[in-house]
Amino acid sequence: MDRRRFLSTTLAGVLAGPLVATGQPAGRIPTIGWLTNSTVHGPNVNAFREGMRSLGYGEIRLIVRAADGRPDRLAALAAELLARKVDVIITDGGPAATAAKEATTTTPIVIGAATTDFVMASPGH
């Protein structure tokens with residue numbers, strides 16, 4: 001299974017859980033926050049949208065925040081996504097995943113790729 005399909009499948013499961021559990025109205029458009037330490041590449045965004053469509057998500061609201069290689073910006077960008085009430089945050093791992101983890105304990109985080117060890121458990125668990 002390629003990375004795009006794995007990420008889309010994982011994200012679909014994360015999105016479906018809260019929508020079913022909280023009784024969200026049918027036809028609700030999921031809002032996804034994409035947080036990256038690098039820059040945003042159009043082909044990646046298009047591939048992600050296509051992957052979500054292939055899983056049955058006809059329309060998604062995608063809010064992308066990119067630090068453009070400046071990890072000091074990630075905390076503020078994560079806070080922006082949370083202020084926009086995203087249903088889930090996806091990251092490309094590394095500093096972006098750490099910033100997302102430090103910004104929320106309630107919004108699900110999906111890490112698309114990680115090059116370092118990363119533990120999502122809360123301290124003491």
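The values are calculated or read from the model by the stated rules, or taken from the named source; none is laboratory data. Note that the structure is a prediction, hence the values are computed from the model and not measured. Glycine gets a Cβ as well: all are built from the backbone with ideal geometry, and neighbour counts include every protein chain shown.
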Margin query: Quick check on my filter: what residues within the range 47-67 are at pLDDT 95 or above and assigned to a loop (DSSP other than H, G, I, E, B)?
Written below: ALA67
Item checked: Number of positions in the range 90-107 that are in contact with a Leu (Cβ under 7 Å, 6 or more places away or on another chain) and farther than 20 Å from GLY42 by Cβ -> 6
Next item on the list: Look at GLY94 and say whether it is free of Cβ contacts under 8 Å to residues at least 60 places away in the same chain and on the phi > 0 side of the Ramachandran plot.
Entry: yes
Notebook entry, point to check: Looking at ILE29, ILE63, which one is in contact with a Lys or Arg (Cβ under 7 Å, 6 or more places away or on another chain) and exposed (fewer than 13 other Cβ atoms within 10 Å of the Cβ)?
Noted result: ILE29
